[in-house]
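Everything on this sheet refers to the single structure shown next.
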Amino acid sequence: MVRYKFKFSELEIKHIVMALMALTLAFSFILFRTEIFSGNISDVVHSFPSYFLQSLVAVGIGFILHEMGHKFVAQKYGLWAEFRAWPAGLLLAVGLALFSRGGFVFAAPGAVMISPMQKTKYGYAIRMLKPEDGGKIAIVGSVINVMLAVIFAALSFATGFKIFQISAQVNAWLALFNQIPVSLLDGAKVFSWSKGILFGFFMVCIALFGLTVLL
């Protein structure tokens, strides 16, 4: 079997950038909700580039590594895998964060699309994924976010820098949100693979998110 190379298309890069910008804007409303929704307009306009940049740093690492985790594992199985932004998800991410006045973010602006087409030395063939394979592809993104959240939490505790606390909280939320077992989210695929693994990991994500809020 011939493995797909770990690479990106121009279209995929455009979709990653669109999703990243939308998610960063949404998290700006969440992470700086007091400053944005309680401050005067002139101060908000003046400070918003700083809020956006801090959110970009916090969100960018977690979001990109989350999606690339899905992509890499899928390609390790010999499958075609590329990220695609979801227009409705982009609008929901920004719209809900704005209209809830920083109370909630829909952290699913897109997903890694996976095709069962598999390249072989004889051409192409259909490879049907087992629930275990699909579950492993689905959970790896949140596992990466959990690892990042722990690292950033430790850095926040050691240094007291707010950017590390923000990054820890963002990654913990990305891990938790994506493991909700509903259609379109990773948790649904993990649920199909193993209800026990989903429940145990989901509890870890809840506990970790709670800890990052208290940092």
Review point. Using the membrane-span-like helix rule (whole DSSP H runs, Cα extent along the own axis of at least 20 Å, mean Kyte-Doolittle hydropathy at least -1.0), which helices of the chain qualify?
Key: 10-31, 41-76, 131-159, 162-178, 195-214
Study note, to complete from the structure: Full extension between Phe99 and Ile197 adds, at 0.36 nm per residue less the Cα distance, a length in nm of 31.8 nm
Study note, to complete from the structure: In Å, the Kirkwood hydrodynamic radius from C-alpha pairs for the chain sits at 18.0 Å
Exercise for review: Give the calculated FRET efficiency between Leu215 and Lys14 to the nearest 0.05, with a Förster radius of 30 Å applied to their Cβ-Cβ distance.
Suggested key: 0.30
Revision key, fill the gap. Over all Cα pairs of the stretch 10-126, the Kirkwood radius sets Rh, and Rg/Rh then becomes 1.13
Practice item. Using R₀ = 25 Å, calculate the FRET efficiency as 1/(1 + (r/R₀)^6) where r is the Cβ-Cβ separation of Ala154 and Val57; round to 0.05. Key: 0.90
Practice item. Using only the Cα atoms, work out Rg/Rh for the stretch 131-214, with Rh taken as the Kirkwood radius, to two decimals. Key: 1.04
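Computed from the coordinates by the stated procedures, all read-outs in this text should not be read as laboratory data. Everything numeric here is computed off the predicted structure, so don't read it as measured data. Please note: Cβ atoms are built from the backbone with ideal geometry, for glycine as well, and neighbour counts cover all protein chains shown.
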